[in-house]
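Colleague: Sharing a structure, written as structure tokens. Questions coming.
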Amino acid sequence: MTSSKIIGTGSYLPEKVLTNSDLEGLVDTSNDWIVSRTGIEQRRIAENESTSEMGTKAAQCALEKAGLSIDDIDFIFVATCTPDYQALSTACIIQNALGAPHVPALDIQATCSGYLYGIFLANSLVKSGTFNNILVIASEKLSSITNYQDRSTCILFGDGAAACVVSSANQAGLKIRNLLLGANGKFATSGFVPAGGCKTPASIDTVNKGLHYIQMTGNEIFKLAVRKMEESCKKSLEACGLQVSDVNWLVPHQANLRIIEALAKRFGFPQDKLCITIRKYGNTSAASIGIALDELMRNKNIQPSQNLLLTSVGFGLTWASGVLTYQNPL
Ligand code: ACO
């Protein structure tokens, strides 16, 4: 089996900032409520940029960090639940923008777990020797499916993108020790966009009823998120033969600070081992864990043998957890 590592990460956040006080002007809410119930202070909004444009920029950062050009890439995965178009993969649009004709390109729809699903697939293809370098991108324009008249959802979501290169190259990077994936469609209607798919195609009626926006049962998702992340983190650590005390950084999906703190409490993780970006960016779905990972790699001095535990839960329900260990070249 070939060895596989993440050898470069990147991210992109649009410039426009939507603060809690901006939201106070749109819905009946307050900065105090949002901060105390979610931890979010602000989020970024893509005004004129699409999911593919943000994803392309994040991918360019990851390629630069990896020291590769687009010509080195064998496959492109794009995790998103906010594609540019229906019936056309955003991966194809990004492939064209990056100038990689003939490279296969595929969208992954696994909501907030999409980035880890993409890394899982890339890791399997690299380890099997099928490909050498795979670009995994997660990009979301959640503002396009957010109802800014619904205070229970509009406070949560933001836009942004992340990317990484999964590679067989013998250079420093994050070795993918394991990734465990899961899903349970029983919870499909706990959070979703009801209209716009073939079951309920877009119509004047669906637009009038706001069915093209995210709808969710927030407290149900909250409890499921804590439970599923705890379960899958435990399984992932066990599979690697690691203890909680071996983990240097917990990099969780950024849905709600209280979800992250509840998870940390169950494991006894100290606050200074938590990778938190939700205050600045809110929940960016598939991109959230990638943005957090990229900020960690840029801002903390990650050393060889340090272990990162990644975990996510998203609509579907989907979940994923895994351990990455920083390694120098052999
Ligand atoms: N401002 C003020 N009050 C509010 C707001 C708001 N923005 N939103 C809700 N409230 C009110 C409610 O109306 C309710 O009032 P009531 O008691 O008079 O009925 C009260 O606050 C409590 O509402 P809850 O929904 O019970 O509040 P909760 O503490 O559960 O927080 C939240 C809601 C923030 C949505 C939380 O449940 C959550 O974060 N859930 C997880 C959501 C999530 O992660 N979703 C994304 C999944 S990821 C993906 O795939 C995209």
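The values are calculated or read from the model by the stated rules, or taken from the named source; none is laboratory data. The shown structure was predicted, so the numbers you read here are calculated from the model rather than taken from an experiment. Positions of Cβ are backbone-derived with ideal geometry, glycine not excepted, and every protein chain shown enters the neighbour counts.
Colleague: Could you run through the stretch 303-330 and say how many residues are within 13 Å of the ligand (Cβ to nearest atom), among the small types (Gly, Ala, Ser) and not in a loop (DSSP other than H, G, I, E, B)?
Modeller: Adding up the residues that qualify gives 3.
Colleague: Taking into account only those residues within the stretch 277-296 that are touching a residue at least 60 places away in the same chain (Cβ under 8 Å) and surrounded by fewer than 21 Cβ atoms within 10 Å (Cβ to Cβ), which is farthest from Lys141 (Cα to Cα)?
Modeller: Glu295
Colleague: Now for a different question. Just to be sure, is Ile278 among the aliphatic types (A, V, I, L, M) and within 16 Å of the ligand (Cβ to nearest atom)?
Modeller: For Ile278, the condition - among the aliphatic types (A, V, I, L, M) and within 16 Å of the ligand (Cβ to nearest atom) - is met.
Colleague: Same structure again: Among the residues of the stretch 284-330, what is the count of those that are closer than 27 Å to Glu53 by Cα and more than 15 Å from the chain's Cα centre (by Cα)?
Modeller: 3
Colleague: Could you list, ordered by first residue, the pairs with Cβ atoms under 8 Å in which the first is in the stretch 148-167 and more than 17 Å from Cys81 (Cβ to Cβ) and at pLDDT 95 or above and the second is within 9 Å of the ligand (Cβ to nearest atom) and among the hydroxyl-bearing types (Ser, Thr, Tyr), at least 6 apart or interchain?
Modeller: That search, which allows pairs on different chains as well, returns Arg151/Thr29; Ile155/Thr29; Ile155/Thr38.
Colleague: Would a scan of the stretch 142-159 turn up a residue that is away from the ligand (no atom under 12 Å from the Cβ) and part of a strand (DSSP E or B)?
Modeller: yes
Colleague: Also, quick follow-up: Every residue in the stretch 181-196 that is within 16 Å of the ligand (Cβ to nearest atom) and among the small types (Gly, Ala, Ser), please.
Modeller: Gly182, Ala183, Gly185, Ala188, Ser190, Gly191, Gly196, listed by residue number.
Colleague: Would you be able to say whether some residue in the stretch 232-242 is hydrophobic (A, V, I, L, M, F, W, C) and not in a helix (DSSP H, G or I)?
Modeller: Yes, the stretch 232-242 contains at least one residue that is hydrophobic (A, V, I, L, M, F, W, C) and not in a helix (DSSP H, G or I).
Colleague: State yes or no: is Lys300 under 24 Å from Gly218 (Cβ atoms) and away from the ligand (no atom under 16 Å from the Cβ)?
Modeller: So Lys300 does not fit the description; no.
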